[in-house]
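Trainee: Take a look at this one; I'll ask things after.
Any read-out appearing in this document is the output of simple, stated calculations on the displayed coordinates, not a laboratory observation. What you see is a predicted model, and the numbers here were worked out from it, not measured in a lab. Cβ placement follows ideal geometry from the backbone for every residue including glycine, while neighbour counts extend to all protein chains displayed.
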Amino acid sequence: MNPSLQSLQNWYRNNAGVIQGAIDSIWAVEPQLGHVNQFLDERPDALQAELDELVARVMKLAETPYNGSNEFFLDVLDARAHGAELCLRATQSALMHQGARGYLMSSDVQRRVREAHFVAIVTPAIKHLRKEIARLSAEEMPA
Amino acid sequence: MNTQQTLISAAVQALAPWQQYICHACGYIYNEAEGDPDSGLAAGTRFSDIPEDWACPLCGVTKSDFERYEAPSLDALRERASGCAPAMTSAARHTPGVVIVGAGRAGWQLAEAIRARDATLPITLVTACAGDVYDKPLLSVAMARQIAPENLVKETGANAARRLNVRLLPHTHAIRICKETQQLRTTRGTLRYDQLVLAHGAQAALPPALPAALCWRINHLGAYLQLRAALGEAAATGPKDVLIVGAGLIGSELANDLALGGHRITLLDVQGEPLARWHAEQAGAQVLQAWKDLPIRFVGGVKVARVERLGARLRVTTECGQHFATDHVIAATGLQTPSRLAQSAGLAWQNGIAVDPGTLATSDARIHAMGDCITLDGQASRYIEPIARQAQTLAASLCGCAPVPYEARPAVVRVKTTSRPLTLH
């Protein structure tokens, strides 16, 4: 099986949860803070839609793990990069929504912010994924 | 080595300036002056004296993953960074505006046409190349007209972007369209768009017998400049043998121009004559007549079976068993539209991105397409003339002006074989 796809599945197991947890913690404070939270850039319904679309795409990729084509591999790398980016945005957004209570050391909201950065920086980090995507996308020419 | 020699070499080494070595994996820099005391390497430990089982203190890879490091100057780094801006800026987060994929003639013409109507609409141009502005037809006549390769660029991408107030993302690959969230995912970040225009053109359709690593394809300036550098000047480094597969428009024009540049050309085609599409107009017979004093050998009715490296040269074998030895192979075997972006958005596809003949709209209301990547009723028309009119149609619609319907016209083809220019219908 495509080793990168395996890592994508691991990623999915570990980190779709980070994103979903962040979205859930936004909804958790919606009753009391919705009146101010409506002014924030990212809102939970849009984040949820983006996560659902991404998860559906990962599941689709997982149907053909033995596809060895360049195009398939690009899709795998891009899905992983997308997940890491969404982790960062969703967890930061959760902290913005929760405010001070999410900032407390004891809060799961700040812990997810740190975890999201782990997803984004651990090799292959977002930058490594993009570099590899660029390398695979470049036209091959005689040396 | 005797003791005295050892002492001398140790003394010489001690006098040499401290070097730095960088870890490929994580970017940690080992500085000989400082050593790595945590791992037991005293300050002043030369890299060569580090035991082989030493590991990078940051990421754990081995000594062999390190290489010499000389810190580049800050000015050089600033220069390099200015050429590749990140996708996200605070302004762009709020009004995404128009995002154009492709900075060939189509992309730039559209940017010009939008600016002529609207001074403030945000425009972002994403391109895998440098984004420099040039006239592609000149690639077919540069040698005949003695245009030095460095003079083919009319305006650098950076200057054009400044003049038109366009945000240019050069050397950036567009990877996926997320149409639900109106985002374009690229290798320099994710862009939001109100309107997306695909103007990324077509690329060479390489038959399996022609491996990409051995065959040039000349469909943009970058590849052309690489080819010219590899060929060298015939007057200075001697003429090269160039074998061109495909004697259509591009193949015939390149054969003509490279021959005028002093190189020896072999031109192959599956048809019995060049420009066979225009057989009724006797195009092939006319160019062959014009080429009789040029170093061009046309071999018709052959199909390439394989290309292989043979020492410093290449060997091309046809299905009928003929061999050709050559320095370079150029594939001019036709074009196809890359499907990645269109597919990621589920756009209607018909041999290319299917667009409405009057509005150039794709099957997604927020995505239009123009230039070499589109088809009208399944037909591509990869010529220069329609592009300016397509740009006017799209600019009018993107800026909310009165519609300027696009009108497909039969293409008049000017064959830039300078030794016998032809106009074909």
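Trainee: For peptide A:131-143, compute the average count of partner chain beta-carbon atoms within 10 Å of each residue's beta-carbon.
Mentor: On the way: counts 1, 1, 6, 8, 2, 2, 8, 3, 10, 7, 11, 16, 4.
Partner-chain Cβ atoms within 10 Å, mean over residues of A:131-143: 6.
Trainee: Checking the cross-link filter: which lysines have an alpha carbon closer than 23 Å to that of B:LYS179, excluding same-chain neighbours under 8 positions apart?
Mentor: Of all the lysines, those that pass the test against B:LYS179 - Cα under 23 Å, at least 8 places apart if same chain - are A:LYS60.
Trainee: What's the center-to-center distance, using Cα atoms, between region B:342-358 and region B:119-146 in Å?
Mentor: If we compute the Cα centre of each part, the gap is 24 Å.
Trainee: Which FRET efficiency value, to the nearest 0.05, is calculated for A:LEU136 and B:LEU7 with the Förster distance at 51 angstrom and r the Cβ-Cβ distance?
Mentor: On the way: r = 53 Å, r/R0 = 1.04.
Once rounded, the FRET efficiency stands at 0.45.
Trainee: Taking all pairs of distinct Cα atoms, average 1/r, flip it, and tell me the Kirkwood hydrodynamic radius of region B:2-59 in Å to one decimal place. Write out the running numbers ahead of the final one.
Mentor: Working: mean 1/r = 0.0801 Å⁻¹.
About 12.5 Å for region B:2-59.
Trainee: Here is a follow-up. Under 1.5 on a/c is rounded, so check that first for region B:88-178, then, if it is not, pick prolate when a/b is larger than b/c and oblate when it is not; a ≥ b ≥ c are the square roots of the alpha carbon gyration tensor eigenvalues. Don't jump to the answer; show the numbers that get you there.
Mentor: On the way: a/c = 2.55, a/b = 1.91, b/c = 1.33.
Prolate is the answer for region B:88-178, as a/c is 1.5 or above and a/b outweighs b/c.
Trainee: Rounded, prolate or oblate: which fits chain B when a ≥ b ≥ c are the square roots of the eigenvalues of the alpha-carbon gyration tensor, with rounded for a/c under 1.5 and prolate only if a/b beats b/c? All intermediate terms of the calculation are to be shown ahead of the outcome.
Mentor: Details: a/c = 2.43, a/b = 1.33, b/c = 1.82.
It comes out oblate by the Cα gyration axes.
Trainee: Assuming R0 = 22 Å, what is the FRET efficiency of B:ALA325 and B:LEU294, from their Cβ-Cβ distance, to the nearest 0.05? Could you put the intermediate results ahead of the total?
Mentor: Numbers: r = 20 Å, r/R0 = 0.91.
Computed FRET efficiency for B:ALA325 and B:LEU294: 0.65.
Trainee: Name the shape class, rounded, prolate or oblate, that the alpha-carbon gyration tensor gives for the protein assembly as shown, where a ≥ b ≥ c are the square roots of its eigenvalues, rounded holds for a/c under 1.5, and otherwise prolate holds if a/b is larger than b/c and oblate otherwise. Numbers along the way, then the final one.
Mentor: Details: a/c = 2.12, a/b = 1.23, b/c = 1.72.
It comes out oblate by the Cα gyration axes.
Trainee: Could you tell me which GluC sites (Glu not before Pro) in region A:60-108 are loop residues by DSSP with no more than 11 other beta carbons within 10 angstrom of their beta carbon?
Mentor: On the way: sites: A:GLU63, A:GLU71, A:GLU85; in loops: A:GLU63.
Those satisfying the criteria are A:GLU63.
Trainee: Also, quick follow-up: Helix A:70-98 against the longest principal axis of chain A: what's the angle in degrees, Cα atoms only, rounded to the nearest 10?
Mentor: 10
Trainee: In which sequence would B:MET370, A:MET141 go, from the one with the fewest C-beta neighbours within 10 Å to the one with the most? Before the final figure, lay out each step's value.
Mentor: Working: B:MET370 27, A:MET141 16.
Ranked by crowding around the Cβ, least crowded first: A:MET141, B:MET370.
Trainee: Give the order of A:LEU104, A:LEU95, B:LEU164 when sorted by the count of other beta carbons within 10 angstrom, beginning with the fewest.
Mentor: Values: A:LEU104 11, A:LEU95 20, B:LEU164 16.
Placing the least packed residue first, the sequence is A:LEU104, B:LEU164, A:LEU95.
Trainee: Determine the relative contact order of chain B: mean sequence separation of Cα pairs under 8 Å and six or more apart, normalised by residue count, in whole percent.
Mentor: Details: 812 pairs, mean separation 59.7, N = 425.
Rounded, it is 14 percent for chain B.
Trainee: For the protein assembly as shown, give the share of DSSP beta bridges that are antiparallel, in percent and rounded to the nearest 5; count only bridges with both residues there.
Mentor: Once the DSSP bridges in the protein assembly as shown are tallied, antiparallel ones form about 55 percent.
Trainee: Another question, then. Would you mind ranking B:ILE8, B:ILE114 by Cβ crowding within 10 Å, fewest neighbours first?
Mentor: B:ILE8, B:ILE114
Trainee: What is the distance, in nm, between label points placed 7 Å from the Cα along the Cα-to-Cβ direction at B:HIS171 and at A:ALA49?
Mentor: Between B:HIS171 and A:ALA49, the label points sit 3.6 nm apart.
Trainee: Moving on to the next point. Going out from 0 in 10 Å bins, what whole percent of all Cα-Cα distances in chain A drops into each bin?
Mentor: 12, 38, 29, 15, 5, 1, 0
Trainee: Search the structure for amide H atoms under 5 Å from the amide H of B:LEU125, placed 1.01 Å from N in the peptide plane, and list their residues when 5 or more places away or on another chain.
Mentor: B:ILE100, B:ARG167, B:LEU168, B:LEU169
Trainee: Taking the DSSP beta bridges in chain B as the whole, what percent of them are antiparallel, to the nearest 5?
Mentor: Values: 37 of 69 bridges.
In chain B, approximately 55 percent of DSSP beta bridges are antiparallel ones.
Trainee: Out of residues 5 or more away from B:TRP349 or on other chains, whose amide H comes under 5 Å of its own, with H placed 1.01 Å from N in the peptide plane?
Mentor: Result for B:TRP349 returns B:ALA354.
Trainee: Roughly how many nanometres apart are two label points built 7 Å out from the Cα toward the Cβ at B:GLU407 and B:ILE384?
Mentor: Computed distance between label sites B:GLU407 and B:ILE384 equals 2.3 nm.
Trainee: Treat each spin label as a single point 7 Å out from the Cα along the C-beta direction, and report the B:LEU58 to A:ASN67 distance in nm.
Mentor: Modelled inter-label distance: 3.6 nm.
Trainee: While we're here: Please list, or write none, the lysines whose alpha carbon is within less than 27 Å of the alpha carbon of B:LYS303, excluding same-chain residues fewer than 8 places away.
Mentor: Those lysines meeting the cut-off are B:LYS240, B:LYS292, B:LYS416.
Trainee: Applying 1/(1 + (r/R0)^6) with R0 = 60 Å to the Cβ-Cβ distance of B:SER48 and A:GLN20, what FRET efficiency is obtained, to the nearest 0.05?
Mentor: On the way: r = 52 Å, r/R0 = 0.86.
For B:SER48 and A:GLN20, the calculated efficiency is 0.70.
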